[in-house]
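**Student:** Here it is, the structure in full.
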Amino acid sequence: MEEKKINKLVANILKAKGLSEEQLEKLEEVGIYNREDFEIVSDAATLSEILSLETEVSKKIMEWALGRSLTFQSPSQSTPTIQESSGPIIVESSDVVKCVHCGTRQPKDYKTGDLCLSCGNQAEPVLNCHWCLSTGPGKFCRSCGSEFVTSSDYEIALLLKREGESKNNIVSMIKSLTAQEKENMWAKIRKSR
Ligand SMILES: [Zn+2]
Ligand SMILES: [Zn+2]
C-alpha cells in the first residue's frame with residue numbers, strides 16, 4: 001500500500017508556523033495529512049497533546065487549520081443566565097387610592113372595602129390571591145407580590161398554578177388567553193370538580 005504523505009503545501013505552512021520535521025512526521029504517524037484532518041483534532045490542547053507541542057504553536061496551527069480565531073470559541077459562549085425578573089412589588093401608598101372602576105381618587109379617610117364616591121362600586125375590590133391564597137385590596141397581593149387576577153379568572157389562575165406555571169407567568173398567560181382558550185380551561189376545571 002502506498003504510504004500516505006502529508007500534503008506538501010500543508011507541510012510548508014506548518015513548518016512556517018513553527019513545526020519541526022520531527023513533529024511533521026508525528027502528524028503523519030497519527031494520521032493527519034491535510035487541513036481537513038485538523039477538524040477532527042478540533043482544538044489546540046488536543047494538538048499539543050498529540051505532538052507534545054507548545055500551546056502557542058498549536059494554537060497558531062489550529063487557528064490556521066480551522067480558519068477562525070480560537071479566542072472566540074471559548075466555553076463562555078454558553079447562553080447567558082436569564083434571571084427570572086420578579087419585578088418590583090408595588091405597594092400603593094395608602095393615602096392614594098384610586099377606584100379601579102372609574103379612576104376617581106378616594107378621600108383621605110377611605111378604608112378598604114368602602115364604596116367609590118363617584119361610581120358607587122367597591123373602589124378597591126378585595127381579591128383572593130391565586131398564588132398564596134391570602135386576600136387583599138388593590139392590584140397586587142401584599143403577601144407574595146403577585147398581581148391579582150379578576151375574580152372571573154381566579155379559577156383559571158388556580159388551574160394554571162396546579163399545572164405548574166410560575167407566579168410571574170400566570171397573570172400574563174391569562175391576559176393573553178382567548179375567550180375560546182378560557183372556555184377550554186373552564187371545561188377542564190368543571191371536569192376536575
Ligand atoms: Zn369609581
Ligand atoms: Zn399572594
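**Student:** Is there any pair with a first residue in the range 126-155 that is assigned by TED's automatic domain parsing to the domain that holds Ile174 and under 22 Å from Gln106 (Cα atoms) and a second that is within 7 Å of ligand 2 (Cβ to nearest atom) and in a loop (DSSP other than H, G, I, E, B) whose Cβ atoms are under 6 Å apart and which are 6 or more apart or on different chains, and what are they?
**Tutor:** Close Cβ pairs (under 6 Å, with a partner that is within 7 Å of ligand 2 (Cβ to nearest atom) and in a loop (DSSP other than H, G, I, E, B)) amount to Cys141/Cys129.
**Student:** Here is a further query. Does Ser143 satisfy the condition of being over 30 Å from Asn184 (Cα atoms), surrounded by fewer than 16 Cβ atoms within 10 Å (Cβ to Cβ) and within 15 Å of ligand 2 (Cβ to nearest atom)? Talk me through it step by step, then tell me what you get.
**Tutor:** Details: over 30 Å from Asn184 (Cα atoms): yes; surrounded by fewer than 16 Cβ atoms within 10 Å (Cβ to Cβ): yes; within 15 Å of ligand 2 (Cβ to nearest atom): yes.
It is true that Ser143 is over 30 Å from Asn184 (Cα atoms), surrounded by fewer than 16 Cβ atoms within 10 Å (Cβ to Cβ) and within 15 Å of ligand 2 (Cβ to nearest atom).
**Student:** Moving to a separate point now. Restricting attention to the range 23-53, and to residues there that are of a type in the set (D, E, K, R) and free of Cβ contacts under 8 Å to residues at least 24 places away in the same chain, which single residue is farthest from Leu9 (Cα to Cα)?
**Tutor:** If we filter the range 23-53 for residues that are of a type in the set (D, E, K, R), which is where we start, we get 25-26, 28-29, 35-37, 39, 43, 49.
This time we only want the ones that are free of Cβ contacts under 8 Å to residues at least 24 places away in the same chain, so: 25, 29, 36-37, 49.
Values: Glu25: 15, Glu29: 18, Glu36: 13, Asp37: 14, Glu49: 24 Å.
Once the filter is applied, the top-ranked residue is Glu49.
The values are calculated or read from the model by the stated rules, or taken from the named source; none is laboratory data. Owing to the predicted nature of the structure, the values given are computational and were not obtained by experimental measurement. Glycine gets a Cβ as well: all are built from the backbone with ideal geometry, and neighbour counts include every protein chain shown.
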